[in-house]
Each structure stands twice: as structure tokens, then as C-alpha cells.
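Trainee: Quick one: structure below, then a few questions.
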């Protein structure tokens with residue numbers, strides 16, 4: 001869709017004004033989702049009227065997750081602390097790169113406060129709802145963008161990922177969600193989770209996600225983790241084998257596992273070699289990720305300590321935990337990253353990828369909380385299989401694999417070797433061909449004029 005729409009703009013077949021007007025109409029008609037929390041309609045229409053019709057995403061309306069900077073606008077990060085802050089003076093890297101290729105910023109999508117949980121609600125804007133089931137969450141923290149894309153409110157919306165915030169929402173809304181190799185998308189503004197957070201790409205098709213990623217990948221000034229664009233193999237390539245792991249956690253809900261097994265059967269019947277393996281990760285990875293992430297969030301908000309009581313319950317819990325992390329705890333968790341990363345590296349050789357369910361627990365309420373149980377196990381860390389890739393830096397992607405018992409999508413999670421992101425796209429494209437998925441939630445129409 002992205003390449004086709006932008007080509008029509010460049011050719012003069014459609015105008016940027018028409019696209020912006022159509023996106024505004026769709027956003028206003030889907031207010032029940034609460035996916036878009038700020039709309040810059042007049043500004044976007046003015047930009048559309050002056051547009052030069054150039055660029056890879058020429059004239060396409062862009063929604064920006066309310067954790068990425070947009071010059072001239074406030075980034076609240078879903079927090080009452082910043083709801084009345086000064087407008088941004090710069091664009092976030094991904095915003096700047098998409099704008100430079102012709103995208104038009106139309107507004108903001110909702111996020112949990114500081115992106116700190118996997119459902120999308122906060123004290124500023126309230127909950128975002130899943131277009132597949134309004135009682136359920138669209139995941140988090142990119143749940144606003146995912147809901148907007150799944151409901152076809154806009155062709156483009158930014159997403160970011162520090163523990164699964166691209167892939168969890170993609171799973172919950174029936175999208176493709178891509179977290180690149182850490183450093184592949186350089187950051188001009190250091191995030192609160194310094195070595196975990198990266199921008200990503202989400203969309204209804206593998207081609208759209210690849211198209212967006214081809215624009216946003218690249219190093220950035222000041223980002224000591226960033227990698228030159230030439231260092232990432234992005235071209236789709238079919239893996240030589242698929243290593244299948246039931247879960248990285250302790251258990252998985254039966255309807256999720258049934259969808260996972262069905263997808264493995266489809267792959268096997270299509271000629272893909274599927275090999276069962278033991279998990280290279282476990283709950284120690286999650287607790288180590290949590291130790292580092294909460295310590296870094298706490299340090300980043302230390303100057304606001306007198307106002308911590310004004311934040312969401314889930315943020316206050318993490319700040320309380322992070323305040324107790326010692327320097328020994330933090331460094332031990334960092335050292336453990338090397339051990340876990342090596343286990344992933346040892347598995348992901350000779351063109352192999354590793355697959356699991358994206359989530360272990362079936363869909364949860366829009367207002368939260370996260371499930372603390374999956375299958376037959378009570379476990380506070382059970383919900384997602386995603387933070388492990390932020391911990392190790394490996395690229396990962398979620399693609400749709402069916403519906404849970406609530407009629408909400410669930411995802412098939414693919415991990416590739418570092419720097420070989422194209423293996424994700426190769427397998428995802430193959431799955432899209434042999435097990436195609438709906439391109440939008442029921443009751444919504446594909447984005448078009």
C-alpha cells in the first residue's frame with residue numbers, strides 16, 4: 001500500500017490533500033478506539049496543500065506515537081508531568097526520516113505512561129481499545145499506533161520497542177511488527193531505557209513494513225549503539241531452517257499454543273524444515289531485563305521524584321522497584337546479557353531462525369492489568385516472549401497466526417541472527433503467502449480513496 005499510494009501522489013493521480021482529508025475522516029469516525037490523542041488537522045492540510053509530491057512516502061499522513069519528538073508539538077509520553085510541557089525543538093530520527101521522504105505528520109497516537117506496560121492507558125488520555133474487540137487492549141506500548149493501523153485510519157504510524165512494544169501490539173491487532181537489530185535505527189535522543197529501546201516498523205503487510213524500514217534504518221549522530229545502514233542485511237531471504245520453541249517463559253495458554261502448532265504444521269507442509277529446540281532463555285532473562293529497565297527509568301525521572309505520586313500505578317511500581325536496584329544488581333544483570341546473547345547466537349547459525357508465540361497469555365482488558373497466568377502456571381513475567389530480544393539485541397518480528405478465544409489476534413514471533421534482519425522478512429513473506437491474514441480489523445475498510 002505505501003509504495004502504491006506514494007507512487008500515485010508522485011504521478012498526480014491523487015493528491016496529498018485527499019489523503020490527509022481521508023485520514024482525518026477515518027480518525028474522527030473511529031473515536032471509540034481512542035487511538036489518536038492529538039490531531040493536527042489544520043497544520044497537516046496546510047502542509048498537504050504545499051507538498052511538492054516528492055519522496056518515497058510522498059503525501060502520506062503519518063501518526064506519531066506520543067513518545068517520539070515532533071518539532072513544534074508536545075510529547076507527553078502519556079504522563080501528566082509533561083502534558084503542559086514546552087513543544088519539541090527537534091524531530092525524532094524516524095520522524096525526520098519519514099518527513100524527509102514526504103510524509104505529513106497528522107497527529108499523535110496513545111501510549112502508556114513512558115511506555116512502561118503492555119496495555120495502552122494513562123492518566124492523560126485514558127485507554128486505547130482494540131479494533132478487534134473493544135473490551136480488549138491493543139497491547140502496549142505502541143497500542144495507539146497499532147490500533148490506528150489495524151483500523152486503517154492512516155497508512156503510516158510510528159512504533160517503538162523496549163521490551164516488545166512493537167511486536168506485542170502487532171500480535172494483538174493482527175499486524176506485522178518489526179524490531180530491528182539493536183542500533184539499526186539510530187537515535188538522536190537517548191531513550192529512558194538506554195540499550196533496550198529502538199524504533200521499529202508496523203503495518204498490515206510484510207511489504208509495507210519492509211518499505212518503511214528501508215527509509216528509517218541508518219546510524220545517527222551521538223548514538224554509540226547505532227550501526228551503518230550497510231551493516232544490516234534487510235533484503236528478504238528465506239531461512240534454511242526454523243527452530244521452534246514452545247515459550248521462553250513457564251507456560252502458554254492452550255488457544256495460543258494451538259495457533260502456534262497450526263502455524264508450524266503449515267510451515268512443515270509448505271516444505272520448511274522445522275526443528276524443535278529447548279528455550280535459550282527463561283525467567284531470569286525477564287528479571288534481569290526488568291532490573292535494568294526499572295533502574296534506568298528511575299534514574300531518568302529522579303529530578304521528578306517529588307511528583308512520582310502523580311504517575312500511573314504501573315509506573316510507580318517500577319520506580320519503587322528501580323529505587324532498590326543496587327549497582328551490583330545492575331552490573332550483574334548487564335553481565336548476564338552476554339551469557340544469554342551467546343545462547344541465542346549459538347542457536348542462530350547456518351541460516352536458522354527461532355520461533356515462539358509472541359505472547360503466552362490470551363488478550364487482556366483495555367484498562368489492564370496484564371495477565372499473571374498462562375496455561376497452568378501463575379507467573380508475573382509470563383505474558384510476553386519479546387523482551388528477550390531487547391535484552392540480547394537480536395532482530396525480531398511478529399506476524400499474525402490466528403485468533404484467541406476472545407476473537408483477538410495473536411502473533412507468531414520470529415528471531416533472526418543479529419544483522420541478518422532479512423531472514424525475518426523472508427520467512428514472514430513466506431507465511432503471508434501460505435497462511436494469509438486479514439489486512440484490517442472487522443468493521444473497518446482498507447485505507448484508500
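Please treat every number below as a calculation from the coordinates, not as lab data. As the structure is a prediction and not an experimental result, all values here were calculated from the model. Note that each Cβ is placed from the backbone with ideal geometry, even for glycine, and that neighbours are counted across all protein chains shown.
Trainee: Mean residue ellipticity at 222 nm from the helices of the chain, using -39,500 (n - 2.57) per DSSP H segment of n ≥ 4 over the full residue count, to the nearest 500 deg cm²/dmol?
Mentor: Rounded to the nearest 500, the figure is -10500 deg cm²/dmol.
Trainee: Contact order normalised by length for the chain, with contacts defined as Cα pairs under 8 Å and 6 or more residues apart; what percent is it?
Mentor: It comes to 18 percent, rounded to a whole number.
Trainee: Still on this structure: So which residue, out of 283, 385, 130, gets the largest mean-square fluctuation from a GNM of the chain using Cα contacts under 10 Å as springs?
Mentor: 283
Trainee: In nanometres, what is the gap between the two model label sites at residue 449 and residue 190, each 7 Å from Cα along Cα-to-Cβ?
Mentor: Between residue 449 and residue 190, the simple spin-label model gives 4.6 nm.
Trainee: Distance in nm between label sites at residue 25 and residue 278, each 7 Å beyond Cα in the beta-carbon direction?
Mentor: 5.9 nm
Trainee: Please list, by residue number, everything in region 423-449 whose backbone N is under 13 Å from a paramagnetic label point 7 Å out along Cα→Cβ of residue 266.
Mentor: What the label zone holds, given the 13 Å backbone N cut-off, is 428-439.
Trainee: Now, a different point. Need one number for region 25-80: average projected area of the convex hull over its C-alpha atoms, nm².
Mentor: Averaged projected area of region 25-80's Cα convex hull equals 5.0 nm².
Trainee: A further question follows. Please give the peptides 272-282, 399-409, 55-65 ranked by average Cβ packing (other Cβ atoms within 10 Å per residue), highest first, as a rough proxy for protection.
Mentor: Order by mean packing, descending: 55-65, 399-409, 272-282.
Trainee: A further question on this structure: Please compute the length gained on full extension between residue 307 and residue 320, using 0.36 nm multiplied by the number of residues separating them and subtracting their Cα-Cα distance.
Mentor: Fully extending the segment from residue 307 to residue 320 adds 3.4 nm.
Trainee: Express the relative contact order of region 2-231 as a whole percentage, based on alpha carbon pairs under 8 Å and six or more residues apart in sequence.
Mentor: Relative contact order for region 2-231 comes out at 18 percent.
Trainee: Another question, if that's okay. Taking the Cα atoms of region 2-231, report the difference between the largest and smallest coordinate on each principal axis, in whole Å and largest first.
Mentor: Principal-axis extents of region 2-231 (Cα, largest first): 43, 42, 36 Å.
Trainee: Based on C-alpha coordinates, I'd like the Rg and Dmax of region 2-110, in Å.
Mentor: Radius of gyration, then largest Cα-Cα span, for region 2-110: 14.0, 45 Å.
Trainee: Suppose we look only past 18 Å in the calculated P(r) of region 61-170. What percent of the Cα-Cα pairs does that tail hold?
Mentor: In whole percent, the long-distance tail amounts to 44.
Trainee: Relative contact order (percent) for region 332-420, with alpha-carbon contacts under 8 angstrom and 6 or more residues of separation?
Mentor: 33 percent
Trainee: Test of understanding: in a Gaussian network model of the chain with alpha carbons linked when under 10 Å, which of 126, 309, 186 would top the mean-square fluctuation ranking?
Mentor: Of 126, 309, 186, the most mobile in the Gaussian network model is 309.
Trainee: Okay, next question. Of the candidates 48, 147, 30, which one comes out as most mobile in a Gaussian network treatment of the chain with C-alpha springs shorter than 10 Å?
Mentor: Top of the fluctuation ranking is 30.
Trainee: Could I have the simple spin-label model distance between residue 258 and residue 405, label points 7 Å from Cα toward Cβ, reported in nm to one decimal?
Mentor: 0.9 nm
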